[in-house]
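Asker: I have a structure here, written as structure tokens, and I will follow up with some questions on it.
The values are calculated or read from the model by the stated rules, or taken from the named source; none is laboratory data. Please read all numbers here as calculations on a predicted model, not as lab measurements. Counting neighbours? That spans all protein chains shown, and the Cβs are built from the backbone with ideal geometry, glycine included.
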Amino acid sequence: MDITDDTRAWLAQNMPRTLRAIANLPDLTGVRMAMNMHLDLKMLTLVEGLAARGAELFITTCNPTTVRNEVADAMRACGAEVQAWKDMPEADWQAAIKAGVEWGPTHLCEMGSDYTHHLMTSGATLPSVKAGLEATGSGLNRLQGKLPPWPIFNWDEVPIKEGLHNRHMVGLTTWQAFFGRTLLSLHEKRVLVVGYGTVGQGLAASARAYGGQVMVAEIDPGRSLQAAYDGWLTGSVAELAPLADVIVTGTGAHHVVPMSVIETLKDNCFLLNSGHRIDEIDILALSAHRHDDIIPMVTRYTLPSGKSVQLFAGGAMANLTAGEGDSLNAFDVTLALMAEGIGHIVGAGEQAKPGVHLLPQHVWERACPPPGA
């Protein structure tokens, strides 16, 4: 789609919290912010707003499958340096992350900690970063024991992200993308949700609302007990996967559906992922088997047993790869929160001690009031 002035007006009309948060940002002249994020249409409002406040921006993606090239072009047009395009190869993506580090950022705004992880594992000279912002649990998990000498503010676990975006919107939009691309519903289908964090909770609740018969696999005993109390059949992935017609992951972890489990699945079972990582399903092992793209976003793999499995959206984040992700009005809260977090890391957050800190309540609650408040 072309991004026109009418498009921008539509975004502004439906994202008033974000516009208010941007308007409250300080002068960002002198701020060099390296960002890695999903380059979908909703992010454009924030990037153009940051550029208008004087920030210099280096942008790459956190997931090559979710890039919209017209959005990347629009970001370049407002002055950002953007090294990202749809389905860019892994080597080019890693080169872009390295380039962002070498660009000399003063601040990092990340979804997946790609810049920070590169810095802490490559032996590169640490730039003069004052503070960072991280949006995902998987990104924070990558940094355990490898923390940089600046503060990182975690906004994944604040209530209005964890409880609204993670819990409600990811599951809803995952199933919307699945329905739209496959022309199937979940009626009469047994759905296995792998992981019962807030994303998994939303996936399970939405699956039931759409007619699915839900099971949950969760390795954490407390969350597994919570899933049982919520009424789901619980067990391990190995136990429950052979019963499923559809399996969806939402853990942010590596190979939670391994090839040893895939070999036990029903014929034509669907596999899809809603977590941040593209390797929650063992796609590399699966790709060694004969496969055909049967419709857009659905690939059928034939196993040695003669059974087939169907991979949705290449195993990438389903709601943003095969769909458009959150609704504008819901993402308005998330993006306003992100803008408030940026305001913090270019201000008082710079004075925090090195380490990971939860974004303070007095910062995130500014995104809460109704649009007209």
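Asker: Considering only segment 163-249, give the strands (runs of 3 or more DSSP E) lying wholly within it that have at least 2 residues that are more than 24 Å from the chain's Cα centre (by Cα) and in the same structural domain as residue 264 (by TED's automatic domain parsing).
Answerer: Hits in segment 163-249: 233-235.
Asker: Let me ask you something else. Filtering segment 116-135 down to residues that are touching a Lys or Arg at 6+ places or on another chain (Cβ under 9 Å) and either outside the structural domain of residue 339 (by TED's automatic domain parsing) or among the hydroxyl-bearing types (Ser, Thr, Tyr) (or both), which residue is nearest to residue 276 (Cα to Cα)?
Answerer: My answer is 116.
Asker: Report yes if residue 111 is touching a Ser or Thr at 6+ places or on another chain (Cβ under 8 Å), over 22 Å from residue 132 (Cβ atoms) and modelled with pLDDT of 95 or more, otherwise no.
Answerer: So residue 111 fails the test.
Asker: A further question follows. Given the conditions (1) over 23 Å from the mean Cα position of the chain (by Cα); (2) crowded, with 20+ Cβ neighbours inside 10 Å; (3) assigned by TED's automatic domain parsing to the domain that holds residue 340, which single one is not true for residue 151?
Answerer: Here residue 151 meets the rest and fails (1).
Asker: Let me ask something else. Only one of (1) within 15 Å of the chain's Cα centre (by Cα); (2) farther than 24 Å from residue 348 by Cα is not met by residue 81, so which one is it?
Answerer: Here residue 81 clears every test but (1).
Asker: In the list 313, 330, 367, 373, which residue meets the criterion of being small (Gly, Ala, Ser), modelled with pLDDT under 95 and farther than 23 Å from residue 110 by Cα?
Answerer: Within the list 313, 330, 367, 373, the selection yields 373.
Asker: What pairs come out if I take residues in segment 73-84 that are at positive phi and pair them with residues that are surrounded by fewer than 14 Cβ atoms within 10 Å (Cβ to Cβ) and assigned to a helix (DSSP H, G or I) whose C-beta lies under 7 Å away, six or more apart or interchain?
Answerer: none
Asker: So, in segment 26-80, exactly how many residues are part of a loop (DSSP other than H, G, I, E, B), closer than 24 Å to residue 325 by Cα and among the aliphatic types (A, V, I, L, M)?
Answerer: Summing the residues that are part of a loop (DSSP other than H, G, I, E, B), closer than 24 Å to residue 325 by Cα and among the aliphatic types (A, V, I, L, M) in segment 26-80 gives 3.
Asker: Answer yes if at least one residue in segment 291-303 is touching a residue at least 24 places away in the same chain (Cβ under 8 Å) and of a type in the set (Ser, Thr, Tyr), and no otherwise.
Answerer: Checked against the condition, which is being touching a residue at least 24 places away in the same chain (Cβ under 8 Å) and of a type in the set (Ser, Thr, Tyr), segment 291-303 yields no hits at all.
Asker: Out of all the residues in segment 185-198, is one or more touching a Ser or Thr at 6+ places or on another chain (Cβ under 6 Å) and either more than 15 Å from residue 214 (Cα to Cα) or modelled with pLDDT of 95 or more (or both)?
Answerer: First pass over segment 185-198, keeping only residues touching a Ser or Thr at 6+ places or on another chain (Cβ under 6 Å): 194-195.
Going one step further and asking which of them are either more than 15 Å from residue 214 (Cα to Cα) or modelled with pLDDT of 95 or more (or both), we end up with 194-195.
The answer is yes; a qualifying residue exists.
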